[in-house]
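The values are calculated or read from the model by the stated rules, or taken from the named source; none is laboratory data. Small disclaimer: the values here were computed from a predicted structure and weren't measured. Reconstructed Cβ throughout: ideal geometry from the backbone, glycine too, with neighbour counts over all protein chains shown.
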Amino acid sequence: MGSQSGFRALETMLQVLHDPVMDVLNADFFADFFCLAADRLEEKRHALCALDGAIGDGDHGSSMAGGFAAITRALRQQNPTSAAEVMRIAAQAFLSEVGATVGPLYASGFLEAGRRLQGAEPLGPGQFGLFLAGCAEGIQQRGQAAPGDKTMLDVWLPAAQAAQRAASAGAGPAEIARLTAATARSACENTAALISLRGRAARLQDRSIGHIDPGAASGAVVIEALCDTVLSRLRHAGST
Amino acid sequence: MPEARREPNRKGALNRPPIRFGDDPLLWASWLYYQEGMTQGAIAEVMNASRPTVNAYLADARAKRIVDISIAPEHMRTISIAKALEDHFGLDSCLVVPAQGGARTLIERLGNAAAGLLPHFVHAGDTVAISWGRTMLALACAARLEGLEDVTVVQATGGTTAKIAFAPETCATKFASNIGASCITISAPALVSTPQARDILMGEAVIRQQLAYLERLDCAVFGVSSLKPNSSIHGSGLFESVFQQYDYFDQAVGSLLGQFIDAAGQPVSGPLAHRFIGLTLDELLKVPTRMLVAGGADKMQSILATLRGGYVTMLVIDSDTAEGIVRALDIRPQNRLALVRRDSEQAAPAAPLRLSVKKFLNEPRDAVIEAMEGAIAAFPDYIEAIEGSPRAIRARHCHDAGPGKVGIVIGGGAGHEPGFLGYIGEGLADAAAIGNIFASPPPDRILSCTRAVDQGAGTLYIYGNYSGDVMNFDMAAELAKAEGIATRTIRTRDVIASWAFVDRDARRGTAGAIFVIKVAGAASARMESLEECERLARKANAACHTVGVALEPCSLPETRRPSFALEADDLEFGVGIHGEPGVQRQKLVAADRITDQMCDQLFTAMDLQEGQRVAVLVNSLGATPMLELMILNRRLQKRLSARGAQIHTTLLGHYCTALDMAGASITLMALDEELVSLLDAPCKGFAWQR
């Protein structure tokens, strides 16, 4: 990245100066978000694999890090111009790279998010809940999991609700971002008290209790990366 | 140790043991002696027995092997867990019922155990409230009390509208008639449409009189409902209208006496507040004896919430759920048995934790692709890459296959070698899509396999029943359909699980897939139609049963660390082929005893009868050598012939592995003429030729 991200930041700042509220959640924003999420997932690759080893097959960290790295590669090559287009590219890249369980789930999440972002642009910085809700919906549709089944949905759904509720209650973008990240973190921790009812961990039944769900943990990493991208944009715009 | 009960006994004999010992004085005496470390004199006093009696009890307990380590740990385990729960939640008593065993369902066994406790706390003249649900009905049906005068049973909540077998009124009347009590039902619904309607109903004299009984309860007996989709609360009609609008998962984790509670057991207020008629949670807390009867892994969260809310003084629960709670709270049962055992069996010092596993690797991320390139180079007569992708592989014989042959596409994660690319070839599958280690291949790769084998007669997908594979293959099937290629799907489900509530549809697929692929491949080679290939593969799938045991975990190339930790003298029973832990951890015993346990489960699962023909697959999970497989097979064949089963064919070796896991699986396939002829047909894959 280097100079490219510096340029992006400058460009964003100019945009924000031009129009301080609207059109912050554009293609560049989501590209930055995917870059940050990919970096964080790479850092956590082994930790996530270890978490998965406790109740699953131990490959989750690799799938997530590999999938998000593929997304950032595809975005660099294709240089999309709208947030909805970013989502379509992300879904395709993730699915072709990973397969596995997370492939179809995240691909469906991004596609649904893309459908919701289509036509909703320009989006203000506090409207990222739209993306979260789309992901949650797509993941639920594809995986057919219910809340409380100890899956990634148990992070995506509460985070999406927190963001949308805070936004409709009139909270500022920075506050929404902080609240959403905190919700994702605590929702992730709460999965330790649940019993796996989906995926390979389901065979463990109550032996899965006491372990955080790896899919929820990586979901929280991705959502925090999103919130941090929002906060960093706001900082660049000087309006925290 | 709670104080011993000293209530006057009719015969002036023994004191009654605390509930967690069942009604077994031997177990009680053994516990006091071996676990609590009390003297025989002190025990005699607690039990209200003579010292020689206690001495005889202890001798009897040994003779009956209650204190033998091969039986006792199970008893001691449930008692230890019960004691841990009593201590942690300040319960008066707790009875832990074994989660498995017997023909009766868990709910029946819970109800039965709870019914057996009634004499401990229901006395003449008492007023007892009972809630509703499956467990309560089981309790009501099993309850028997004789000779208690003036007992009154009250329905704890108003009624439900739906016609269900375990409605509040049914539970109360059944319970009352079985214990010879009079019964007070509540002539109002548990949930009314508005707070105003509630006020009007509560003002009615008849209802007010009925509800007045709830204010002088001596005991309340209740279950708790989870909010999961399978919960009986959804069929009750109780909340049907409000459930959708109620954002329940936000805070509520269970329903107790028809009222929502959160994870800490606190009432959740919502659209239902002030519309409920019955025993409120505040009133419940004032009842002196409050017995919760509930079990099953899916209720774990709601049971924990009920305990945390302090609603319970007596608990009847199953051992799996109780253990889950103990583990979730990280409260460790005091297992002094371990100290006792150490006298005879010096515990070996823990082996130093192995941090890294050595492997032949270049860049770990390239492991799969490099392995596939090596395989294609090794077996050029059998397999080739599709369009240069070494992870979409087809059989060489595809070139000779004429039009009209059904294509068989298999696949799944890597790490199971020679599964699954070793089973493509003549008389087997036509192509395999290979994912990352233990991860499903993506849809586009499956699609290119589908195109490569399409001869206009459609394609049959065969893969293990895992959510990732299901989603990716389903997406591929949608894409194939858009290109005009018909597909059918077989998800292999041969792994038998010891969990009673895991139905066949939820079962996973492991080594049994090899038999299913063989049958489908033979059918396809005979130019059977897609429908017929599917039928035969489905039949083969239903005939296969597998159980796996791991001695050591496996390690992934990327992490090079053991995928889970296993003590030096433990094994994992019921493992799959992805390095995940099994369904149960137990002590390592002799090979014949392990084989016996595997046979017991397999024979039961397939209902193996005398004269049944079977195909056998004794499979290494990776690190276990042929020598040990042969030892397992020796016992297996003995057990099969003792059962009178006819062994048609035996495969023994590395057929479907989990990287470097030490362990083995046994697959039995029940055969009939049709399956025999398909199994005996020639085949030519690099991992299986005949």
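Quick look at the values:
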| quantity | calculated |
| --- | --- |
| Those residues of segment B:383-424 which are part of a loop (DSSP other than H, G, I, E, B) and of a type in the set (A, V, I, L, M), in sequence order | B:Ala401, B:Val406 |
| Cross-chain or 6+ apart pairs with Cβ under 7 Å, segment A:29-54 first and within 30 Å of B:Leu659 (Cβ to Cβ) and more than 10 Å from every other protein chain (Cβ to nearest Cβ), then of a type outside the set (D, E, K, R) and not in a helix (DSSP H, G or I) | A:Leu51/A:Ile212 |
| Cβ-Cβ under 6 Å pairs, at least 6 apart or on other chains, segment B:551-568 side more than 10 Å from chain A (Cβ to nearest Cβ) and farther than 11 Å from B:Ser356 by Cα, far side at pLDDT below 80 and surrounded by fewer than 22 Cβ atoms within 10 Å (Cβ to Cβ) | B:Ala568/B:Ala351 |
| Number of the condition not met by B:Ser529 [criteria: (1) farther than 28 Å from B:Gln455 by Cα; (2) at pLDDT 95 or above; (3) of a type in the set (S, T, N, Q)] | (1) |
| Unmet requirement for B:Val96, which otherwise passes all of (1) aliphatic (A, V, I, L, M); (2) at pLDDT below 85; (3) touching a strand residue (DSSP E or B) at 6+ places or on another chain (Cβ under 9 Å) | (2) |
| Filtered residues of segment B:165-186 (kept if touching a helix residue (DSSP H, G or I) at 6+ places or on another chain (Cβ under 6 Å) and over 18 Å from B:Leu256 (Cα atoms)) | B:Lys174, B:Phe175, B:Cys183, B:Ile184, B:Thr185 |
| In segment B:297-331, residue surrounded by the fewest Cβ atoms within 10 Å (Cβ to Cβ) [restricted to those that are acidic (Asp, Glu) and farther than 19 Å from B:Asp262 by Cβ] | B:Asp330 |
| Residues that are buried (at least 21 other Cβ atoms within 10 Å of the Cβ) and either in a helix (DSSP H, G or I) or away from chain A (no Cβ under 14 Å) (or both), drawn from segment B:535-550 | B:Leu536, B:Ala537, B:Ala540, B:Asn541, B:Ala543, B:Cys544, B:His545, B:Val549 |
| Condition check for B:Arg635: surrounded by fewer than 21 Cβ atoms within 10 Å (Cβ to Cβ), touching a residue at least 24 places away in the same chain (Cβ under 8 Å), under 26 Å from B:Pro581 (Cβ atoms) and among the basic types (Lys, Arg) | yes |
| From the options A:Gln161, A:Gln127, residue that is of a type outside the set (A, V, I, L, M) and within 11 Å of chain B (Cβ to nearest Cβ) | A:Gln161 |
| Only listed residue being touching a strand residue (DSSP E or B) at 6+ places or on another chain (Cβ under 8 Å) and small (Gly, Ala, Ser), chosen from B:Ala113, B:Ala138, B:Ala124 | B:Ala113 |
| Test: residue in segment B:425-435 that is touching a strand residue (DSSP E or B) at 6+ places or on another chain (Cβ under 6 Å), more than 10 Å from every other protein chain (Cβ to nearest Cβ), surrounded by fewer than 24 Cβ atoms within 10 Å (Cβ to Cβ) and in a strand (DSSP E or B) | yes |
| Any hit, segment B:315-337, residues being among the hydroxyl-bearing types (Ser, Thr, Tyr), assigned to a helix (DSSP H, G or I) and either in contact with a Leu (Cβ under 7 Å, 6 or more places away or on another chain) or at pLDDT 85 or above (or both) | yes |
| Qualifying residue in segment A:188-195 (condition: crowded, with 22+ Cβ neighbours inside 10 Å, at the interface with chain B (Cβ under 10 Å from one of its Cβ atoms) and at pLDDT below 95) | yes |
| Among (1) hydrophobic (A, V, I, L, M, F, W, C); (2) within 14 Å of another protein chain (Cβ to nearest Cβ); (3) under 30 Å from B:Gln601 (Cβ atoms), the one test that B:Ile490 misses | (2) |
| Selection from segment B:588-637 of residues that are in a helix (DSSP H, G or I), more than 22 Å from B:Cys656 (Cβ to Cβ) and either in contact with a helix residue (DSSP H, G or I) (Cβ under 8 Å, 6 or more places away or on another chain) or polar (S, T, N, Q) (or both) | B:Asp592, B:Asp596, B:Thr604 |
| B:Ile130 vs. criteria touching a residue at least 40 places away in the same chain (Cβ under 8 Å), buried (at least 22 other Cβ atoms within 10 Å of the Cβ), among the hydrophobic types (A, V, I, L, M, F, W, C) and farther than 18 Å from B:Ser187 by Cα | no |
| Matching residues, segment A:115-133, being surrounded by fewer than 24 Cβ atoms within 10 Å (Cβ to Cβ) and under 13 Å from the mean Cα position of the chain (by Cα) | A:Gly129, A:Leu130, A:Ala133 |
| Set B:Gly582, B:Gly574: member being closer than 23 Å to B:Gln637 by Cβ, at pLDDT below 95 and either out of contact with any Ser or Thr (no Cβ under 8 Å at 6 or more places or on another chain) or within 14 Å of chain A (Cβ to nearest Cβ) (or both) | B:Gly574 |
| Filter pass, B:Arg391 being within 14 Å of chain A (Cβ to nearest Cβ) and either under 26 Å from A:Met64 (Cβ atoms) or in contact with a strand residue (DSSP E or B) (Cβ under 7 Å, 6 or more places away or on another chain) (or both) | yes |
| Among residues of segment B:168-182, those that are surrounded by 23 or more Cβ atoms within 10 Å (Cβ to Cβ) and farther than 18 Å from B:Leu117 by Cβ, counted | 2 |
| Near pairs, Cβ below 6 angstrom, 6+ apart or cross-chain, from segment A:86-100 (within 11 Å of chain B (Cβ to nearest Cβ) and touching a residue at least 40 places away in the same chain (Cβ under 8 Å)) to any residue that is of a type outside the set (D, E, K, R) and in a helix (DSSP H, G or I) | A:Ala100/A:Ser63; A:Ala100/B:Gly468 |
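Listed here are the residues, each with its yes/no results for (1) out of contact with any Pro (no Cβ under 7 Å at 6 or more places or on another chain); (2) away from chain A (no Cβ under 14 Å).
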| site | (1), (2) |
| --- | --- |
| B:Pro441 | yes, no |
| B:Leu447 | yes, no |
| B:Gly456 | no, yes |
| B:Phe473 | yes, no |
| B:Asp494 | yes, no |
| B:Thr510 | yes, no |
| B:Gly521 | yes, yes |
| B:Arg526 | yes, yes |
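Residues checked against (1) of a type in the set (A, V, I, L, M); (2) surrounded by fewer than 18 Cβ atoms within 10 Å (Cβ to Cβ); (3) part of a loop (DSSP other than H, G, I, E, B); (4) modelled with pLDDT of 90 or more:
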{"site": "B:Arg65", "(1), (2), (3), (4)": "no, yes, yes, no"}
{"site": "B:Ala138", "(1), (2), (3), (4)": "yes, no, no, yes"}
{"site": "B:Leu148", "(1), (2), (3), (4)": "yes, yes, yes, no"}
{"site": "B:Phe166", "(1), (2), (3), (4)": "no, no, yes, no"}
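Results for (1) in a helix (DSSP H, G or I); (2) among the hydrophobic types (A, V, I, L, M, F, W, C); (3) within 17 Å of the chain's Cα centre (by Cα), shown as yes or no for each residue.
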position	(1), (2), (3)
A:Arg76	yes, no, no
A:Ala84	yes, yes, yes
A:Ile89	yes, yes, yes
A:Pro104	yes, no, yes
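Residue-by-condition table, conditions (1) crowded, with 24+ Cβ neighbours inside 10 Å; (2) under 30 Å from B:Pro364 (Cβ atoms):
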| position | (1), (2) |
| --- | --- |
| B:Gly644 | no, no |
| B:His648 | no, no |
| B:Leu652 | no, no |
| B:Leu659 | yes, yes |
| B:Thr667 | yes, no |
